[in-house]
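**Student:** I'd like to ask some things about the structure below.
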Amino acid sequence: MQPLTTPTPVSVPGRPVPLSVPELGGKEWTYVKECLDTNWISSAGPFVNRFETELATRIGVGHAVATTTGTAALHLALKVAGVRADDEVLVPSLTFIATANAARYLGAWPVFLDIEPEHWQLDPVRVQQFLEGECRRKNGELRDAATGRRVSALVVVHALGHPCDMDAFRELAGKHGLALVEDAAEGLGSTYKGRSVGSLSDVACLSFNGNKIISCGGGGAVVTNDRAWAERARHLSTQAKLDPIEYIHDEVGYNYRLTNLQAAVGYAQLERLDEFVDRKRRNASEYATRLGPLPGIRTMREASGVRSNFWLYTILIDPTQGGTDRQRLHAALKQRGIETRPLWQPLHQSPAHAGARQGPISVANSVQAQGLSLPSSSNLKPEDLENVCDAIAKLTRAEKRTTKKASAHQA
Ligand SMILES: *Cc1c(COP(=O)(O)O)cnc(C)c1O
């Protein structure tokens, strides 16, 4: 996934506003120059180690293993967590597809479960219903009664940066003997009861793609407190090479190691993480103040006890209340050079995962039908944010008037 480019504006009051772009005003140049000057550009080098150490410290875990992408990190995380071919892995339906694809890479099967309506995160009640209603314990293993498959992991996602209900998930995973994996690709810098996301499970993955909270261009990491799992993830990420001289490999590994050049960028970005999160939180509070009162617009809510990084600020547009809908709003904003994005197609509807097991799902469908992510860059200018809000206000009100007139006419 590349950072989305700014669309060519058609009629532009004000300058184009992209959805989310990296902010590269720190020491990126200095550190990259250091790589070039010292000839350390590839997958070994001091920045890879420095980046890993700093990531582990920031998140509050023992170990970090830097990878080429967040998807690669998820693949490794599930593998070291013990997910095997033909297992089932529980995932939320409303997430980026990589969460479910990683299970398929191992020959395992995602089971899609619904989200809750307040914060749009995986619903622990749905997880519990699946585990306790659909599964049976057999020879010490939990099995899906309908398919006979072993259920081995619960993958939770901090969707849009908002931490999900980790206490509930830890309890459920513990009770049923499942590995608990956090897909924290969107959640770096968010906290749950004062602890960083990525430190609240058995193993977590991060992404440093172009539009994530910090970026290496492309990159990811596996983070965990388990030394053996971290070592295995590192080993697998370097082709499972046992002997670097004789080229002896003890299993089928992957070429998933981050390069020193990318790590140099990531390291510079990580130095500014707090600043980025502060800026995104300020964007969020401005959006909430300005858009909250508009007819048909529902802004994001932050659960008590958590601090979200507000990675992508997202609103729901209820067409029965405000007179516009998310497709029309998306198109009208695009006309003004403002880039917005709908949420992901819920994965239980995705042709890529046709036929997958699923629980009862309704909230994911309605949130996706109404959701639109707004420009959320950490370097979003206040006047651009104002421009976005003014445009949305005009569009919801203008369209509301038209709708009213139209319905009066019909009556
Ligand atoms: C971005 C993302 C990923 C994948 O990360 P890449 O670095 O793009 O491979 C995985 N899960 C979620 C929830 C994401 O948003």
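The values are calculated or read from the model by the stated rules, or taken from the named source; none is laboratory data. Please read these numbers as outputs of a predicted model, since none were measured by experiment. Reconstructed Cβ throughout: ideal geometry from the backbone, glycine too, with neighbour counts over all protein chains shown. For the accessible areas, the whole protein counts, side chains as well, though only heavy atoms, and no ligand, DNA or RNA atoms are used. Shrake-Rupley method; radii C 1.70, N 1.55, O 1.52, S 1.80 Å.
**Student:** Relative contact order of the stretch 271-406: what whole-number percent is it, with Cα pairs under 8 angstrom and at least 6 residues apart? Display every interim value, and only then the final one.
**Tutor:** Numbers: 162 pairs, mean separation 43.8, N = 136.
Normalised by residue count, the contact order of the stretch 271-406 is 32 percent.
**Student:** Which value in Å is the Kirkwood Rh of the stretch 110-220 over different Cα pairs? Don't skip to the answer; put the middle values down first.
**Tutor:** Details: mean 1/r = 0.0676 Å⁻¹.
Every distinct Cα pair counted, the radius reaches 14.8 Å.
**Student:** Right, something else. Please report, in cubic angstrom per residue, the volume enclosed by the convex hull of the alpha-carbon atoms of the stretch 234-277.
**Tutor:** Numbers: hull volume 3.9 nm³, N = 44.
Hull volume over Cα atoms, normalised by residue count, gives 88 Å³.
**Student:** Which shape class applies to the stretch 358-398: rounded if a/c is under 1.5, otherwise prolate when a/b exceeds b/c and oblate if not, where a ≥ b ≥ c are the square roots of the Cα gyration tensor eigenvalues?
**Tutor:** On the way: a/c = 7.37, a/b = 1.88, b/c = 3.92.
Note, shape of the stretch 358-398 comes out oblate.
**Student:** As an exercise, use a Förster radius of 25 Å and the Cβ-Cβ distance of Ser366 and Arg195 to find the FRET efficiency, rounded to the nearest 0.05. Don't skip to the end; give the middle numbers.
**Tutor:** Working: r = 31 Å, r/R0 = 1.25.
That pair, Ser366 with Arg195, gives E of 0.20.
**Student:** Ok, one more. Can you tell me what percent of all Cα-Cα pairs in the chain are more than 33 Å apart?
**Tutor:** On the way: 29612 of 84255 pairs.
For the chain, the share of Cα pairs beyond 33 Å comes to 35 percent.
**Student:** Next question. Out of the total accessible area of the stretch 184-315 (probe 1.4 Å, heavy atoms of protein only), what percent is carbon and sulfur?
**Tutor:** Numbers: 2450 of 5110 Å².
Whole-percent figure for carbon plus sulfur exposure: 48.
**Student:** Label Glu271 and Gln321 with points 7 Å out from Cα along Cα→Cβ: what is the distance between them in nm?
**Tutor:** Modelled inter-label distance: 4.4 nm.
**Student:** Where only protein heavy atoms count, and the probe is 1.4 Å, what is the accessible area per residue for the stretch 252-411 in Å²? If you can, show how the numbers build up before the last one.
**Tutor:** Values: 7120 Å² over 160 residues.
Value returned for the stretch 252-411: 45 Å² of accessible area per residue.
**Student:** Right, next: Accessible area, 1.4 Å probe, largest first: how do Thr53, Thr324 sort? Please list the in-between numbers first.
**Tutor:** Details: Thr53 90, Thr324 0 Å².
Correct descending sequence by accessible area is Thr53, Thr324.
**Student:** Follow-up. What Kirkwood hydrodynamic radius, in Å, does the stretch 1-158 give when the mean of 1/r is taken over all pairs of distinct Cα atoms and then inverted?
**Tutor:** Values: mean 1/r = 0.0516 Å⁻¹.
After inverting the mean inverse Cα-Cα distance, the result is 19.4 Å.
**Student:** Report the label-to-label distance for Lys241 and Arg84 in nanometres (one decimal), using points 7 Å from each Cα along the Cα→Cβ vector.
**Tutor:** Computed distance between label sites Lys241 and Arg84 equals 3.0 nm.
**Student:** I've got another one for you. Kindly identify the stretch 262-411 as rounded, prolate or oblate by the Cα gyration tensor criterion: order the square roots of the eigenvalues as a ≥ b ≥ c, call it rounded if a/c is under 1.5, otherwise compare a/b with b/c, prolate if a/b is larger, else oblate.
**Tutor:** On the way: a/c = 2.07, a/b = 1.27, b/c = 1.63.
Taking the square roots of the gyration eigenvalues as a ≥ b ≥ c, the stretch 262-411 is oblate.
**Student:** Under the rule of -39500 (n - 2.57) per DSSP H run of 4 or more residues, summed and divided by the residues of the chain, what mean residue ellipticity at 222 nm is obtained, to the nearest 500 deg cm²/dmol?
**Tutor:** -11500 deg cm²/dmol
**Student:** Normalised by the number of residues in the chain, what is the relative contact order in percent for Cα pairs under 8 Å and 6+ residues apart? Walk me through the intermediate numbers first.
**Tutor:** Working: 912 pairs, mean separation 97.9, N = 411.
Relative CO of the chain lands at 24 percent.
**Student:** With a bin width of 5 angstrom, please list the P(r) values of the stretch 160-238 as percents of all Cα-Cα pairs, from the 0 bin to the one holding the largest distance.
**Tutor:** 3, 15, 22, 23, 19, 12, 4, 1
**Student:** For the stretch 39-102, with all protein chains present and a 1.4 Å probe, just round the carbon and sulfur fraction of the accessible area to a whole percent.
**Tutor:** Working: 1080 of 2060 Å².
Carbon-and-sulfur percentage of accessible area, whole number: 52.
**Student:** To the nearest 20 debye, what is the magnitude of the charge dipole of the stretch 209-258 about its Cα centre, counting +1 on the Cβ of each Lys and Arg and -1 on the Cβ of each Asp and Glu? Intermediate results must be reported in sequence, preceding the final value.
**Tutor:** On the way: 6 positive and 6 negative charges, 65 e Å.
The dipole magnitude comes to about 320 debye.
**Student:** Another one. Using a 1.4 angstrom probe and counting only protein chains, how large is the accessible area of Trp229 in Å², to 10?
**Tutor:** Solvent-accessible area, nearest 10 Å²: 60 Å².
**Student:** Once you list every other residue whose beta carbon is under 12 Å from the beta carbon of Gly253, what net charge do they have if Lys and Arg are +1 and Asp and Glu are -1? Don't skip to the end; give the middle numbers.
**Tutor:** On the way: positive: Lys79, Arg232, Arg234, Lys241, Arg257; negative: Asp250, Glu251.
Residues close to Gly253 contribute a combined charge of +3.
**Student:** Give the cross-link partners of Lys394 among the aspartates and glutamates, using a straight C-alpha distance below 13 Å as the criterion and excluding same-chain residues fewer than 8 apart.
**Tutor:** By straight Cα distance, Lys394 reaches Glu386.
**Student:** Further, regarding this structure: So which trypsin sites (Lys or Arg not before Pro) in the stretch 296-395 are both in a DSSP loop and have at most 14 other Cβ atoms within 10 Å of their Cβ? Numbers along the way, then the final one.
**Tutor:** Numbers: sites: Arg298, Arg301, Arg307, Arg326, Arg328, Lys334, Arg336, Arg357, Lys394; in loops: Arg301, Arg336.
Loop-located and lightly packed - Arg301.
**Student:** If you place +1 on the Cβ of every Lys and Arg, -1 on the Cβ of every Asp and Glu, and leave all else neutral, what size is the dipole of the chain about its Cα centre, to the nearest 20 Debye?
**Tutor:** Working: 47 positive and 44 negative charges, 236 e Å.
Result for the chain is approximately 1140 debye, rounded to the nearest 20.
**Student:** Something else now. Report, as a whole number in µm² per second, the diffusion coefficient that Stokes-Einstein gives for the stretch 199-264 at 25 °C and 0.890 mPa s using the Kirkwood radius over alpha carbon pairs.
**Tutor:** Details: Rh = 13.2 Å.
Here the translational diffusion coefficient equals 186 µm²/s.
**Student:** So how exposed is Lys33, as accessible area in Å² (1.4 Å probe, rounded to 10)?
**Tutor:** The accessible area comes out at roughly 120 Å².
**Student:** Distance check, please: which entries in Lys193/Lys280; Lys175/Lys280; Lys193/Lys241; Lys79/Lys212; Lys175/Lys212 exceed 30 angstrom between their Cα atoms? Please report the intermediate quantities before stating the final value.
**Tutor:** Values: Lys193/Lys280 20 Å; Lys175/Lys280 36 Å; Lys193/Lys241 40 Å; Lys79/Lys212 24 Å; Lys175/Lys212 33 Å.
The pairs that break the limit, which is 30 Å between Cα atoms, are Lys175/Lys280; Lys193/Lys241; Lys175/Lys212.
**Student:** Report, in whole Å, the centroid distance computed from the Cα atoms of the stretch 205-278 and the stretch 112-156.
**Tutor:** A separation of 29 Å, based on Cα centres.
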